[in-house]
Amino acid sequence: MPAEERKGTGGDDGRPEDELTVRDPVSAPDAEGRPRRVTRRFPLFTRDTARPEGGGRAAPRDAPAPARQWPVLTVVGLVGIGLLLTALDVFRWGTLLIGVALLVGAALRWAVPDVGMLAVRSRFTDIATCTVLGLAIALLALMAQPDPVLQIPFLKDALHFTVSR
């Protein structure tokens, strides 16, 4: 039986002809103003997603768009400079800057309450992802050959153990 039905003509109950009759318990109306059925099942198709916590504007509404999104623009700008350095054959420092940019993004996500488009998932997931990837990229940049800045002795032994003749 449908959760709602439209009356075609003025009925004996004294309601207008276009009024909606709801037979099941309902929750708040949907976007078109129709009452929705209360159900505990997830919909087959998702039509919208919730904003991540901290996904609000990083500056007031009347500020220009770049000012409202300054956290993500900072991270993207640092990554762009790092890619430019890498393209100009300063590989180690360009790649290191990319790793540092991700660490800056993690720090901004932790310290600033509203970071705009820098908020993608939950706060914990964003911080953990940016920190792990930033540290991995920075450490790999410091260990890159030739003349690595950072040498980890057991890595050479692990490589010789795994690639034996």
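The values are calculated or read from the model by the stated rules, or taken from the named source; none is laboratory data. Every value quoted in this text rests on a predicted model; they were computed, and no experiment measured them. Please note: Cβ atoms are built from the backbone with ideal geometry, for glycine as well, and neighbour counts cover all protein chains shown. Side chains are part of the model used for accessible areas, which takes the heavy atoms of the whole protein and leaves out ligands, DNA and RNA. Shrake-Rupley method; radii C 1.70, N 1.55, O 1.52, S 1.80 Å.
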* State whether one or more residues within segment 1-12 are modelled with pLDDT under 90, in contact with a strand residue (DSSP E or B) (Cβ under 6 Å, 6 or more places away or on another chain), small (Gly, Ala, Ser) and more than 27 Å from Ala128 (Cβ to Cβ). => yes
* Consider Leu78 carefully, then state whether it is on the phi < 0 side of the Ramachandran plot, open to solvent by 40 Å² or more (accessible area, probe 1.4 Å) and without any contact (Cβ under 8 Å) to a residue 60 or more places away in the chain. => yes
* Whichever residue in segment 114-165 is of a type in the set (Asp, Glu) and exposed (fewer than 14 other Cβ atoms within 10 Å of the Cβ) and, among such residues, is nearest to Val75 (Cα to Cα) -> Asp147
* Return only the number of the condition from (1) among the basic types (Lys, Arg); (2) surrounded by fewer than 16 Cβ atoms within 10 Å (Cβ to Cβ); (3) more than 25 Å from Ala59 (Cα to Cα) that Arg92 does not satisfy. => (2)
* Please identify the pairs in which a residue from segment 110-134 that is closer than 26 Å to Arg61 by Cα and without any contact (Cβ under 8 Å) to a residue 40 or more places away in the chain has its Cβ atom under 6 Å from the Cβ atom of a residue that is surrounded by 15 or more Cβ atoms within 10 Å (Cβ to Cβ) and among the charged types (D, E, K, R), counting only partners at least 6 apart or on another chain. => Ile127/Arg109
